[in-house]
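Reviewing the structure listed below.
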Amino acid sequence: MAFVPLALKIANLFAYLFLSGVNVYSGFFEDKEKSPYHNNYNTFITPAPFVFGVCGLIHFLLGGFVIYQFFDSATEAVVDGVRFHFISIALLNTIWLALLQENEPIWAWIVILATAFQVTYVYYVLKYKYQPQNINDIIWIHSPFSLYHAWIFVLCVISTFMAFSPKKENPDDKPNALVRIFVILGILILEGTVVNYVEKLKGDISGAIVITWALYGIACEQSDPWIHWTAQVLAFISTFHVLKPIVSKYYFGSREEQTRLLG
């Protein structure tokens with residue numbers, strides 16, 4: 001194994017440990033009034049806290065990624081595909097978290113956009129240049145970045161409202177008409193992204209599930225009728241889009257196979 005690939009993989013490992021450590025501290029040990037995982041800065045599009053459980057799944061898969069990268073079968077995708085971008089992603093994500101804890105939502109918004117750019121680059125490189133060669137490639141290389149890509153998009157939407165919309169001080173607060181319109185537009189964008197994942201991005205079901213999960217979280221958290229029911233209805237529609245290719249593949253596909261065998 002050459003020195004440069006090995007150094008990159010070791011750097012990836014330390015970046016992962018750093019990112020995970022910061023997130024664990026913020027989620028379990030940081031003052032709840034500062035941690036974004038406890039809705040310290042509520043807006044009218046903020047989802048319920050359970051939505052942030054997606055982070056745990058992503059970190060678990062990324063843990064598998066930094067282990068699997070040391071196997072020869074992963075070297076090309078990691079060294080030539082992911083390259084140094086995972087290190088940048090880990091650092092930027094940590095800075096975003098720190099800025100939110102310091103109540104700097106506009107700077108946090110800028111940083112999360114930069115993070116999204118890095119994640120999107122890795123996502124498209126892996127999807128179109130480094131197709132999975134086996135089940136381990138799917139689980140430990142492609143899946144974490146697919147989930148991460150969708151989750152970063154959700155964070156971008158949330159961070160935009162944190163930076164530029166009024167803070168929701170109390171659960172019973174109601175938005176003004178302009179805020180309500182922009183929140184509904186944000187929810188529509190999230191649902192449209194689900195459709196894009198399923199219909200355009202080679203049936204990326206995992207990414208679509210993440211955003212659908214966020215839509216359910218928004219519906220659970222927001223009491224304003226316009227926002228609540230828009231999120232609820234679009235969550236149901238997104239669920240349909242997620243299930244449609246699965247049903248088509250496993251139900252209609254099996255029926256076509258039976259028809260072919262029966263002549």
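General observations
- Checked against the criterion of being closer than 14 Å to THR46 by Cβ and aliphatic (A, V, I, L, M), region 188-197 has at least one qualifying residue.
- Looking across region 185-214, the residues that are within 12 Å of VAL157 (Cβ to Cβ), free of Cβ contacts under 8 Å to residues at least 60 places away in the same chain and among the hydrophobic types (A, V, I, L, M, F, W, C) come down to LEU185, LEU188, ILE189, LEU190.
- Complete set of residues in region 121-142 that are more than 20 Å from ASN196 (Cα to Cα) and either under 16 Å from the mean Cα position of the chain (by Cα) or not in a helix (DSSP H, G or I) (or both): TYR130, PRO132, GLN133, ASN134, ILE139, TRP140, ILE141
- Test: residue in region 122-140 that is polar (S, T, N, Q), at pLDDT below 95 and buried (at least 16 other Cβ atoms within 10 Å of the Cβ): no
- Residue within region 112-126 that is farther than 22 Å from LEU19 by Cα and either in contact (Cβ under 8 Å) with a residue 12 or more places away in the chain or touching a strand residue (DSSP E or B) at 6+ places or on another chain (Cβ under 8 Å) (or both) present: yes
- Residues satisfying the stated conditions in region 211-230, i.e. under 18 Å from ASN196 (Cβ atoms) and among the hydrophobic types (A, V, I, L, M, F, W, C): ILE211, TRP213, ALA214, LEU215
- Among residues of region 243-254 that are within 18 Å of TRP213 (Cα to Cα), those with a beta-carbon under 6 Å from a residue that is at pLDDT 70 or above at least six positions away or on a different chain give the pairs PRO245/GLY203.
- One residue from LEU178, LEU185, LEU190, LEU215 being surrounded by fewer than 22 Cβ atoms within 10 Å (Cβ to Cβ) and closer than 26 Å to ALA114 by Cβ: LEU185
The values are calculated or read from the model by the stated rules, or taken from the named source; none is laboratory data. From a predicted model like this one, the values you see are computed outputs, not experimental measurements. No Cβ is skipped: glycine too gets one built from the backbone with ideal geometry, and neighbour counts run over all protein chains shown.
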